[in-house]
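Reviewing the structure listed below.
The values are calculated or read from the model by the stated rules, or taken from the named source; none is laboratory data. Quick caveat, the model's predicted, so the values are computed rather than measured. Don't worry about glycine lacking a Cβ; one is built from the backbone with ideal geometry, like all the others, and counts go over all protein chains shown.
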Amino acid sequence: MSHLRTYHPVVDALLSKLGEPNVVAGDKEFIWCCPFCFDKIGREDTKYHLYVNPVKGKFMCHRCETKGTADYLLRRLGIRDIKQISLSLDDIWDLLTEAGRSISDPPDYSRLDYPVPTLRIREGMISYDYLVDERGYDPSVIKTYKLRVGTSWLKHRIFIPTHMQGTRVFFVARTMTDEEPKYLNPKERYRRNYLFNYDQARGYETVVVTEGVFSSLAVGENAVAAFGKYVTPEQIKLLLKMNAKEYIVALDSDAQENAVRCASLLSARGAKVRIAELPEGEDPDSISSSELQRVLDSAYSYTHFGVMEKTLEGLTF
């Protein structure tokens, strides 16, 4: 395996096919020579035009203009066997060891203040209509999760707090408009140290792991959110501390490789894990409650070899 360790399954798979990238922009963008240029324009790419963003799950060649999702890129490169994107036992051990080490930025459980004063969300407010009428949440969600609306320059954003040990330690400020960025987070805190809804979900026998906070809200009080497609080693430790009897990994449909990785780490520590498969292009917040329940009920059991057994049954991601 390459000496470049990203802990991202898409990049890890591409390293085995394309070698080392020429440029690595943080953990968000990786640049390789495009393998499609010769077939498409008759000339090989030797100057690194293939840009891959594993965070957004997209790629594009700025020379031959081949583009699409990361899943499509993997298929074009012939990476179809789940064994190529699942973890080996050595990988699992490495990540568990990494998760057990002290980190340079230990979790800060001191109270985190909002950047602007916020207001309670009440019936008749635009924020109430957005949550209840537009997004379809039950009004009780507002009180249960202590949702608030911003003021001043953040008046068009819903504030969704994360509490750990009873203290607000993180938040997501989601716009109600087309404003970019869609989500704002506190710069002074690292999302990898926290799980949304950790305190409430901790008392449930089954815990559902989702990507975003709105997906967690859609599932219910037994769901947590990792604030992204990649469940970090620190978050794996938090999940294991919950001592749930069962975990259901329900990441968005375009993050099944990450779901396998998360399930591998939990299973390696003896946890009972299932993986839910969302319809293509969907997430828990974008489908009906009845369809979501069906997806969770039909989640398949995971063991380290469970995914390969599933593939042998003729089922694929």
Pair list, Cβ under 6 Å, 6 or more apart: segment 114-136 residue polar (S, T, N, Q), other residue assigned to a loop (DSSP other than H, G, I, E, B): Ser127/Ile121
Selection count where residues are farther than 27 Å from Tyr72 by Cβ and surrounded by 21 or more Cβ atoms within 10 Å (Cβ to Cβ), scope segment 239-265: 3
Test: residue in segment 168-187 that is under 30 Å from Arg294 (Cα atoms) and assigned to a loop (DSSP other than H, G, I, E, B): yes
Among the candidates Ser152, Ser140, residue that is of a type in the set (Gly, Ala, Ser) and closer than 19 Å to Ala218 by Cβ: Ser140
Condition broken by Glu221, with the remaining ones in (1) acidic (Asp, Glu); (2) in contact with a Ser or Thr (Cβ under 8 Å, 6 or more places away or on another chain); (3) over 21 Å from Arg274 (Cβ atoms) satisfied: (3)
Segment 1-40 - residue that is out of contact with any Leu (no Cβ under 8 Å at 6 or more places or on another chain) and among the acidic types (Asp, Glu) and, of those, modelled with the lowest pLDDT: Asp27
Criterion: touching a Lys or Arg at 6+ places or on another chain (Cβ under 9 Å), surrounded by fewer than 13 Cβ atoms within 10 Å (Cβ to Cβ) and at pLDDT 70 or above - qualifying residue of Arg63, Arg75, Arg43: Arg43
Qualifying positions in segment 242-272 - free of Cβ contacts under 8 Å to residues at least 60 places away in the same chain and more than 17 Å from the chain's Cα centre (by Cα): Met242, Asn243, Ala244, Lys245, Glu246, Ser267, Gly270, Ala271, Lys272
